[in-house]
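These notes are about the structure you will find just below.
Read-outs: derived from the displayed coordinates by stated rules, not from any lab. Nothing here was measured: the structure is a model prediction, and the numbers come from that model. When we count neighbours, we look across all protein chains shown, and the Cβ atoms used for this are built from the backbone with ideal geometry, even at glycine.
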């Protein structure tokens, strides 16, 4: 018994020493970081956002795993850990996504989940990640409500919400002396469309105080046919027609409205239209004012990171990157930045969820779309710069170019911390710092 | 007493404007609503025609109708793209897309009816409804497998008929062509059912399949023909719509809901009912978008609810004698 006890004691001592050694040793080359990625692979949002996001994720992860990304993101994978992605389809509604998120955490044992495009899905899955105390990085979703109506510790969003898009559009129109005594609006009748409309109308009220809202249409999502709506918009004859339509709806609207003379009668202003330019080509009217929800794609600025991302993506995928590819890229780089910051603090071992959360809160990092800063939502909601421009078809390249680009810094078009977006706009956008 | 004037958004009228200007502005808006409503009604009618025909003959509420609408749109987009790539005239592409969509739907429709549906005849109507729902789901995935999830733009035929102006409004000729196409489709189906021998036989099967069979009518053939013809109309409608939209997954579900609303208003199985239902919905929706945009969706289902309250069998459903 005594011998046995002594033997057990030695084993315990050895085990404790081994455990101590493991806990202070940096991650091995075999260690991986399992990352659940959720994006639309089917459904109406797949082509516009989901598939470009999937392509952006696979390109970025491949490059990170090879260590081919320029500084400051030049370490292999996440702090030396190879990234092991599990990509799932966001299509199917919020109830399905809640179950899929649980599956990713509890069945697939992912270290973090990153993705989500739909505002409805983002609102539905965030409380689940919080309940499970698991890391969730939202890469898109337009609605400002996620961190304005709730508080999360384990949830982050690495891109600005839709307020930025609409405030920037209005500031652009003012800077370019666009006449807007009257304006009309057509937006989809769901969270994104209604939130965007509210922000645009409120911002217009501040910068163009005499502008009157005429026809105000909210067709259902996926309507596809806009004959009657176009009659109403042409009949209204407003100076400006604003829309946050996207994807197939936006393509159909442009196809049907151009031959009916709407772009000649009114200045078209689209808040998130970069992704339809390759498909529409010369069908997109010249001079349309568009946003891309960031300084992305053909509006991206020259930088070392963008010189890596834009041509690299174009070569790998066969099409230039649009907003969703940029957004998921900046999301992955933001997570990488937080993991490596956490590893610097813990001696280089694989960080726990809480260590990553602490490092990501209030962090900032460089991305191909510019500097991303987690300034809102107690350090959980990002702000970023944005570009707005006009379309011009280039017959030689057979593509729509973007001209007359103007950039707005994050502090000019995003609310400061501690105030709801709509209240900030209605209060005169106090504290905005425009360069 | 001052008349009530509805102005289009953006149209203004000073208090001292004469009554002629008032009348002109009202007429302008009225005319716009009528044109928009008729274009919408024409599209709705072509989509709903096949659905009501299939119900009339087979008593099947065919959910797969929306799937064939989408199939027609995809086939049309593919044909137009191929013709455009080969530099062939858009008019040829337009004709080819309609023929190709109709032919594929007719062939698949016959196979579907003979290979699947006939096994469920005599079973509860709910079972048949579930079978067509299963076909609808299968078709959604099959179209994704064949064409992928990326939208297809095949707009060349949309420019084929030029533009027409009404006052200060331009209309695309292609949209206006939908009106005679819908009238021709409706008349052809009505004439076929009421003025041809085959139509009389189909009518006999609609009224009483057992007696028709006992008198030598091959009702299986009638069923297969009617089902395939109904699906052909759905694919035809999809093909007509393809040049003006972005053809992509998800087309089918909205169409099937709207078609059901039309045939329920008009009376299941009634061609005249589908026409009146489509006109009612088209005009009401157009009026709503121009005058009260918030009620655009609500107005369709309001009409349906009112009709169901007054005539639960629909506006044109004939009273049927109870068999003893």
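Inverting the pair-averaged 1/r between distinct Cα atoms of the protein assembly as shown gives 28.5 Å as its Kirkwood hydrodynamic radius. Paramagnetic label reach from residue B:111 (point 7 Å along Cα→Cβ; backbone nitrogen cut-off under 17 Å): within the range B:123-151, residues B:135-147. Distance between the modelled labels on residue B:198 and residue B:310, one decimal in nanometres: 3.7 nm (7 Å Cα→Cβ projection). Between B:82, B:283, B:61, the residue with the greatest mean-square fluctuation in the GNM of chain B (Cα pairs under 10 Å linked by springs) is B:82. For the options A:235, A:297, A:222, a Gaussian network treatment of chain A with springs between C-alpha atoms closer than 10 Å singles out A:235 as fluctuating the most. Each of B:280, B:240, A:422 was scored by other Cβ atoms within 10 Å of its Cβ. Listed from fewest to most, they are A:422, B:280, B:240.
Using the per-residue mean of other Cβ atoms lying within 10 Å as a proxy for protection, in what order, highest first, do the peptides B:32-39, B:73-80, A:356-363 fall? Present the calculation step by step, with values, prior to reporting the outcome.
Values: B:32-39: 22.5, B:73-80: 26.5, A:356-363: 19.9.
Packing proxy ranking, top to bottom: B:73-80, B:32-39, A:356-363.
Rounded to the nearest 10 degrees, the inclination of helix A:227-236 to the longest alpha-carbon principal axis of chain A is 60 degrees. Residue by residue along B:284-292, Cβ atoms of other protein chains within 10 Å of the local Cβ number 3 on average.
How many partner chain Cβ atoms sit within 10 Å of a residue's Cβ in peptide A:259-270, on average, as a whole number?
Values: counts 12, 7, 5, 1, 0, 1, 2, 0, 0, 0, 0, 0.
Other-chain Cβ atoms within 10 Å of each residue's Cβ, averaged: 2.
Provide Rg over Rh for the range A:98-233; use the alpha carbon set for both Rg and the Kirkwood Rh (inverse mean inverse pair distance). Walk me through the numbers on the way to the answer.
Numbers: Rg = 18.6 Å, Rh = 17.1 Å.
Using only Cα positions, Rg/Rh for the range A:98-233 is 1.09.
Ordered by the number of other Cβ atoms lying within 10 Å of each residue's own Cβ, fewest first, A:301, A:171, B:195 fall into the sequence B:195, A:301, A:171. For the options A:342, A:410, A:71, a Gaussian network treatment of chain A with springs between C-alpha atoms closer than 10 Å singles out A:71 as fluctuating the most. Provide a whole-number value for the mean count of partner chain Cβ atoms within 10 Å of the Cβ atoms in peptide A:206-219. The mean count of partner-chain Cβ atoms within 10 Å per residue comes to 2. For chain A, the relative contact order comes to 17 percent (Cα pairs under 8 Å, sequence separation of at least 6).
Model label points for residue A:394 and residue B:27, set 7 angstrom from Cα along the Cα-to-Cβ axis, are 5.2 nm apart. Extension gain for the segment residue B:141 to residue B:161, taken as residue separation times 0.36 nm less the Cα-Cα distance, is 3.8 nm to one decimal. Let a ≥ b ≥ c be the square roots of the eigenvalues of the Cα gyration tensor of the range A:322-435; is it rounded (a/c under 1.5), or, if not, prolate (a/b larger than b/c) or oblate? Since a/c reaches 1.5 but b/c is at least a/b, the shape of the range A:322-435 is classed as oblate.
Based on the Cβ-Cβ distance of residue A:133 and residue A:286, what FRET efficiency does E = 1/(1 + (r/R0)^6) give at R0 = 60 Å, to the nearest 0.05? Calculated transfer efficiency: 0.70. Reported to the nearest whole Å, the Cα centre-to-centre distance from the range B:50-70 to the range A:383-398 is 45. Using only the alpha-carbon atoms of the range A:171-280 as identical scatterers, what base-10 log of I(q)/I(0) does the Debye formula give at q = 0.14 Å⁻¹? Values, matching the q order: -0.51. May I ask for the angle, rounded to the nearest 10°, between helix B:125-147 and the longest principal axis of chain B, with both axes built from Cα atoms and the value confined to 0 to 90°? Orientation of helix B:125-147: about 70 degrees from the principal axis.
With a 10 Å radius around each residue's Cβ, average the other Cβ atoms per peptide and rank A:367-379, B:131-143, highest first. The partial results should precede the final answer.
Values: A:367-379: 22.6, B:131-143: 17.3.
Going from most to least packed, we get A:367-379, B:131-143.
Mean 1/r over all different Cα pairs, inverted: what Kirkwood radius does the range B:43-249 give, in Å?
18.0 Å
Using only Cα atoms, locate the centre of the range A:154-219 and the centre of the range B:176-232, then give the distance between them in Å, rounded to an integer. Between the Cα centre of the range A:154-219 and that of the range B:176-232, the gap is 52 Å.
Can you bin the range B:218-300 into rounded, prolate or oblate? Criterion: square roots of the alpha carbon gyration tensor eigenvalues sorted a ≥ b ≥ c, rounded for a/c under 1.5, prolate for a/b above b/c, oblate for the rest.
Oblate, since a/c reaches 1.5 and b/c is not below a/b.
With a simple spin-label model that places each label point 7 Å from the Cα along the Cα-to-Cβ direction, the separation between residue B:130 and residue A:76 comes to 5.5 nm.
Global dimensions of chain A from alpha-carbon coordinates: Rg and Dmax equal 23.6, 98 Å.
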